[in-house]
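The values are calculated or read from the model by the stated rules, or taken from the named source; none is laboratory data. Just so we're clear, the structure is a prediction, and the values are computed from it rather than from any experiment. Note: ideal-geometry Cβ built from the backbone for every residue, glycine included; neighbour counts use all protein chains shown.
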Amino acid sequence: MIKYRVFHKLLIMLAALLIPTTLLFAYANYTSKNVVKNTLEESAAKQLEFSIQRMEQSLRQLEKQTLLLANDSTILSYASSWEFSEYLNHLLIRKTIEEKMILQSQAEPLIHEMTVYWPSIQEGISTSENFRFNHVELLNKPKNQWFARKSEGNHTFHLLFANSSVIAPDMRNVVATVETTLSSAYLKSVLAGLDEAGNGKSFFYFSEDELIENTPVDKNLLTRLLQDNLFEANDSAHPKLNVIEVEGVEYLVQSMRSPSLGGTLVSYIESDKFLHPLQKMNMFVNGSLLLLFITGIAISYLFYRHFRMPFGYLVRKIESLGAGDYASRATLRTNTEFDFLFDRFNDMAARTQSLIENVYEEKVRTREAEYKHLQSQINPHFLYNCLFYIVSMAHKSPEAVISMAKNLSHFYRYITRKAGEYTTMMDEIRLVESYLEVQSLRNKRLTYKIDIPASMLGLSVPTLLLQPLVENAIVHGIEQKRDAGKIHIRGEIHDGQCIIYVDDDGAGLSEEGIESIMDRVHGSYRTTEEMGCGLRNVHHRLINRYGGSSGLSFSSNEWGGFRVTLRLSQLQQEDSA
C-alpha cells in the first residue's frame, strides 16, 4: 500500500506553522494584557499611597501647630486676665489672640475654622461668625484626636488639643484648649488631585451615610464593596487591591485607610475602558489568525484535489507497470502538470530518477525556507508592541508612525538579511540605533548616547552582540524605575583589548544580585531566566571566539544603575578576521 509521505509531511508542516503561530499570538495577547493590567495596578497603588502620605503629613503638621497654639503663653494668660486691675489689659490680650488665630488660619489653607476655649471662665474665641460657647458640648467632645461631624449635609473634621495631656472629665485642670476644624473641601481637593493623576475615580468612605466624593460614585459598585466588607479596618501601610465585577463591568479597586481621620480612601478604575484599545487589537489579531487558519484548510484541500488524487492514479499505473502490465497507459486528463507525466509514462525508467531528484531538491528548499522563516520570528512580543504603538499613534502623530515604521524596518531588515555569524561593529551600532529609536518612540523618557571610536567600527564581531545588552538595560533596568531613561554606550581600546560599556540609570542590582547574575552567566549550567539566558549567550559566544580573557562582567555605575562591560581581544579578533 502506497504511503503518501510527501503529502502528509506538507500537511504536518502547514499545521506546524499554523498551530505555533496561533498559540504564540494568543500568548502574546495574554501577556500584553497582564503587563498592562499589572502596570495599571502598580500605578494606581502608588498614586493612592502618595495621596494618603501627603495628606497624613499635612495633618501631622496641623496637629503640631494646634498643640503649640494650645500652649501659647498669651492664650494661657487670658483665663486669668480678669483678675487684672485694668480691664483694658484683658481686651488687649483678647485682641492679640484673635489676630494670632486669623494669621494661623490664613497661613494654613487646610484650616476651615479655629476656636480657643477657656473652660474655667466658660468663654471662647473662634474665627467662625456663628460661634456660641457651649460648656456641655465642649466636655463631650473627644480630646487629642480627630473626630468627624456632619451638619446640614456638610462634613467637618475636628481636632481638640488641651494644654495638659491628662484631662479631667470636667476639664477643671485645663486652662485653655484649641480646636482646629477641617472642612470636606480639603478632602475633595485630595480626591481631585488623585483623579487628575490617575485614570479612574476616588472617594472617601467613613460610614454608609458619611461619604465624601468629588464626582458621583457608582451606587451599584458601592453596594458591592459594602457586601464584600472592603471598608473593614486595614492597618497595612500599602493599598489593598480588589478586582470586582458588577453587572458585567470589571473594576480595579484600590483602598487604603487614613490613620488620622479613620476613613478609607478608595480609588476605582473600569478595566474594560482602560484596556479597550488593547482588546480591539486582540480582536484584529484573532480575526487575522482565523483567516490564516481558513486559508490553510483551503490550501490543504486544493493540494489534495490537484496533487494527491492525480499522484495516486499515477502510482497505481506504475505499480501495474512494475507488476508486468506493460500495456498499462495513463488515460486520465487533469489539465495540470500531471498531464505531462502521463504523456511521458512510457519513458518511466528515465523519468523516475529525474522525478526523485526534483522531489529531493524541493524538500531541501522547503526545509531551507522553513529555517529562514523560523529565523525571522525574532521577538514577536517586541514587534507586537511596536505595531500596537503604530495603531495607537496613527491619528495622533503621523510623524511618529513614520519614524517608528522606518526604524522598525531597519531593525528587521538587518536581522533577516544577516545569514552569517559575523558582521562589522558599524552594522551592530546601526542595529542598536534603530532599536533605541523604536524604544524611545514608545518611551518618551528614554535618551541614549553612543560613543564608539572610529577605529573600532570596522572590527568583525558576532551578530547580535550589543542589541541583547541594550534590550536587557531597557527591560530589566529602565522599565523597572519610574524616573529612569538614560543609556550610554561607550567604547575604548585598552591594553590590546576592545572594551564596550553599556550603562543605564535603571533600578540596578545589589551586590548580591550582581553576584547572582555573574554565577548564572559565567556558570556551566543552563538557566531559564530571560535576563540570564540572553547575557549568557553573548558571554559564551565571546569566549568561544576570542578566548577566556573576553566576555561580560557586571557592576553598578555612578547613576545608581547597572553597567555591562564587554571585553574582546583585539589581537585575536584581527587574526581571526
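For the structure I just gave you, tell me whether Leu182 is closer than 20 Å to Met55 by Cα, of a type outside the set (Ser, Thr, Tyr) and touching a Lys or Arg at 6+ places or on another chain (Cβ under 9 Å). Quick ask: steps written out before the conclusion?
Details: closer than 20 Å to Met55 by Cα: yes; of a type outside the set (Ser, Thr, Tyr): yes; touching a Lys or Arg at 6+ places or on another chain (Cβ under 9 Å): no.
Criteria not met by Leu182.
Among the residues of the range 533-557, those that are within 20 Å of Asp504 (Cβ to Cβ), in contact (Cβ under 8 Å) with a residue 12 or more places away in the chain and not in a strand (DSSP E or B) comprise Gly534, Leu535, Arg536, Asn537, Val538, His539, Asn557.
Quick check on Met309: is it touching a Phe, Trp or Tyr at 6+ places or on another chain (Cβ under 6 Å) and either farther than 30 Å from Arg54 by Cα or modelled with pLDDT under 80 (or both)?
Values: touching a Phe, Trp or Tyr at 6+ places or on another chain (Cβ under 6 Å): no; either farther than 30 Å from Arg54 by Cα or modelled with pLDDT under 80 (or both): yes.
So Met309 fails the test.
Limited to the range 454-481, what total is found for residues that are touching a Cys at 6+ places or on another chain (Cβ under 9 Å) and part of a loop (DSSP other than H, G, I, E, B)? Of the residues in the range 454-481, 1 are touching a Cys at 6+ places or on another chain (Cβ under 9 Å) and part of a loop (DSSP other than H, G, I, E, B). Considering only residues in the range 56-90 that are aromatic (Phe, Trp, Tyr) and part of a helix (DSSP H, G or I), the one that is modelled with the highest pLDDT turns out to be Tyr78.
One residue alone among Ala16, Ala45, Ala28 is crowded, with 16+ Cβ neighbours inside 10 Å, outside the structural domain of Glu250 (by TED's automatic domain parsing) and modelled with pLDDT of 75 or more, and that residue is Ala28. Flag set for Val475, criterion: surrounded by fewer than 17 Cβ atoms within 10 Å (Cβ to Cβ), aliphatic (A, V, I, L, M) and either on the phi < 0 side of the Ramachandran plot or assigned by TED's automatic domain parsing to the domain that holds Tyr412 (or both). Checked against (1) modelled with pLDDT of 75 or more; (2) closer than 30 Å to Asn220 by Cα, Thr295 meets all criteria but (2).
Filtering the range 55-74 for residues that are of a type in the set (Gly, Ala, Ser), loosely packed, with under 15 Cβ neighbours inside 10 Å and in the same structural domain as Ile97 (by TED's automatic domain parsing) leaves a non-empty set.
If I filter the range 91-138 down to residues being under 24 Å from Ser151 (Cβ atoms), of a type in the set (D, E, K, R) and surrounded by 12 or more Cβ atoms within 10 Å (Cβ to Cβ), which single residue comes out as modelled with the lowest pLDDT?
Here is the first cut: in the range 91-138, the residues under 24 Å from Ser151 (Cβ atoms) are 101-102, 104-105, 108-117, 119, 122-138.
Now drop any that are not of a type in the set (D, E, K, R), which leaves 108, 113, 123, 129, 132, 137.
With surrounded by 12 or more Cβ atoms within 10 Å (Cβ to Cβ) added as a condition, the list becomes 108, 113, 123.
Details: Glu108: 76, Glu113: 85, Glu123: 84.
Applying the filter and picking the extreme gives Glu108.
Among Ser328, Ser236, which is outside any helix (DSSP H, G or I), at pLDDT below 70 and touching a Lys or Arg at 6+ places or on another chain (Cβ under 6 Å)? Being outside any helix (DSSP H, G or I), at pLDDT below 70 and touching a Lys or Arg at 6+ places or on another chain (Cβ under 6 Å) holds for just one of Ser328, Ser236, which is Ser328.
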